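Quick notes on the structure that follows.
The values are calculated or read from the model by the stated rules, or taken from the named source; none is laboratory data. Note that the structure is predicted; figures quoted are calculated from it, not measured. Using ideal geometry, Cβ is built from the backbone for each residue, glycine included, and neighbour counts are taken over all protein chains shown. Surface areas here come from the heavy atoms of the whole protein model, side chains and all, with no ligands, DNA or RNA. Shrake-Rupley method; radii C 1.70, N 1.55, O 1.52, S 1.80 Å.
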Amino acid sequence: MHMLEKKRLRQVMISARDLLSEEDREQKSDKATQHLWSIKAIKEAQTIMCFSSFGSEINTWSFIEDARERDIKVALPLTNREQKKIIPYTYESRSSLKEGAYGIWEPDPTRSTELKLSEIEVVIVPGVAFDRQKGRLGYGAGYYDRFFQSLPHEPRRIGFCYAMQVIEKVPMEPFDIHLDQIVTEEGII
C-alpha cells in the first residue's frame with residue numbers, strides 16, 4: 001500500500017470519526033472504557049501508558065482518572081518532534097499538562113517525572129484505523145512504532161478506538177508493530 005493510499009485512508013477515517021456526535025462519542029467512549037477495565041492485564045497493572053485523546057478520538061480521560069483512583073500509575077507521552085520520538089511521563093493531574101504538538105495535551109516536563117521505560121506494563125495506543133488481525137494505521141509519523149522498538153521489553157499493546165475504526169484490512173509495512181488487543185464500545189478483539 002503506497003503512502004498516498006494510506007494518506008487517503010487516514011483522511012476518510014478521520015472525517016468519518018469527526019461526523020460522530022458529541023453524545024455518540026461520549027456513549028461509545030464510556031462503553032469502550034468499561035471493556036478496557038474487563039481486561040486482566042489492565043486491572044492488575046501497576047503502570048499503564050495511555051494517550052491523551054484529542055479532537056474526535058475516543059475519550060481516554062475517564063479511564064485515566066479511574067486508573068489514578070485505583071492507584072495505577074499512568075504515563076502520558078511527551079512528543080519530541082525533532083527526534084521524532086515519544087517520552088513517557090507520569091501523569092500527576094491536569095495541571096501537570098501543557099498543550100503540545102498537534103494541540104494534544106501532554107506532560108509538562110517541569111511538572112512531571114519521566115517514567116522508566118521498564119516500568120510500563122500496558123500501552124493503550126491511539127490510531128486512525130485498525131483491523132481484526134490487530135494491525136494499526138497511526139497518524140503517519142511512526143512515533144509508536146519507534147517507541148515500541150526502543151523498549152527493553154514487550155508490554156501489552158492495546159488499541160483503543162470506536163468500532164467504526166475497525167476495517168477489513170489496514171495497510172501494514174514490515175516495521176509496523178501489531179497490537180495484542182483492540183478495544184471498542186462493542187467489545188475486545
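Residue by residue through region 179-188, which ³J(HN,Hα) values in whole Hz follow from phi under the Karplus form 6.51 cos²θ - 1.76 cosθ + 1.60 (θ = phi - 60°), with glycine and proline marked x?
Along region 179-188, the couplings run 8, 8, 8, 10, 10, 10, 5, 8, x, 10 Hz.
Given the -39500 (n - 2.57) contribution per DSSP H run of 4+ residues, what per-residue ellipticity at 222 nm results for the chain, rounded to the nearest 500 deg cm²/dmol? Spell out each step's value before the answer.
Details: 5 runs with 54 residues, N = 189.
That calculation yields -8500 deg cm²/dmol at 222 nm.
Less than 9 Å Cβ to Cβ from residue 106, Lys/Arg counted +1 and Asp/Glu -1: what total charge do the surrounding residues give? Each step should come with its number before you reach the end.
Values: positive: 98; negative: 99, 108.
For residues surrounding residue 106, the net value is -1.
For residue 113, enumerate residues with amide H under 5 Å from its amide H, sequence gap 5+ or separate chain, H modeled in the peptide plane.
90
How much length is gained if the chain between residue 153 and residue 69 is pulled fully straight, taking 0.36 nm per residue apart and subtracting their Cα-Cα distance, in nm to one decimal? Working shown, then result.
Working: separation 84, 0.36 × 84 = 30.24 nm, distance 2.67 nm.
Net length gain for the segment: 27.6 nm.
Where does the longest stretch of the chain lie that holds no trypsin sites (Lys or Arg not before Pro) found in a DSSP loop with 16 or fewer other Cβ atoms within 10 Å? Mind showing how you got there, number by number?
On the way: sites that count: 70, 81, 84, 111, 116, 132, 169.
Counting only loop sites that pass the neighbour cut-off, the longest clear stretch is 1-69.
I'd like the Karplus ³J(HN,Hα) series for region 109-121: coefficients 6.51, -1.76, 1.60, θ = phi - 60°, whole numbers in Hz, and an x wherever there's a Gly or Pro.
x, 7, 10, 9, 10, 5, 8, 5, 4, 5, 7, 6, 9
List the residues, sorted by chain then number, that are 5 or more residues from residue 60 or on another chain and whose placed amide H is less than 5 Å from its amide H.
Those lying under 5 Å, H to H, from residue 60 are 53.
Report for the chain the percent antiparallel among DSSP-assigned beta bridges with both residues inside it, nearest 5. Don't skip to the end; give the middle numbers.
Working: 14 of 28 bridges.
If I count the DSSP bridges inside the chain, around 50 percent turn out antiparallel.
Which is the longest part of the chain that has none of the GluC sites (Glu not before Pro) sitting in a DSSP loop with at most 14 other Cβ atoms within 10 Å?
On the way: sites that count: 82, 168, 186.
That gives 83-167 as the longest site-free run.
Report the number of Lys pairs in the chain whose alpha-carbons are under 18 Å apart, with separation of 8 or more residues or on distinct chains.
Taking the chain as the scope, the lysine pair count is 11.
On the full set of protein chains, 1.4 Å probe, figure out the accessible area of residue 52 and give it in Å² to the nearest 10.
10 Å²
Can you pull out the chymotrypsin sites (Phe, Trp or Tyr not before Pro) in region 129-189 whose DSSP state is coil and whose Cβ has at most 16 other Cβ atoms within 10 Å? It would help to have the intermediate numbers written out before the result.
Values: sites: 130, 139, 143, 144, 147, 148, 160, 162, 175; in loops: 139, 162, 175.
Taking region 129-189 and a limit of 16 other Cβ atoms within 10 Å, the loop chymotrypsin sites (Phe, Trp or Tyr not before Pro) found are 139, 175.
Which shape class, rounded, prolate or oblate, goes with region 1-83 when its Cα gyration tensor gives a ≥ b ≥ c as root eigenvalues, a/c under 1.5 marks rounded, and past that a/b bigger than b/c marks prolate?
oblate
For the chain, what relative contact order do you get, as a whole percent, if you take Cα pairs closer than 8 Å and at least 6 residues apart? Present the calculation step by step, with values, prior to reporting the outcome.
Numbers: 342 pairs, mean separation 44.3, N = 189.
That works out to 23 percent.
Pop the C-beta distance of residue 27 and residue 105 into the FRET formula with R0 = 22 Å and round what comes out to the nearest 0.05. Mind dumping the intermediate values first?
Details: r = 22 Å, r/R0 = 1.02.
Once rounded, the FRET efficiency stands at 0.45.
Hand me the chymotrypsin sites (Phe, Trp or Tyr not before Pro) from region 54-99 located in a DSSP loop with no more than 12 other Cβ atoms within 10 Å, in residue order please. Mind dumping the intermediate values first?
Values: sites: 54, 61, 63, 89, 91; in loops: 54, 91.
Filter output for region 54-99: empty list.
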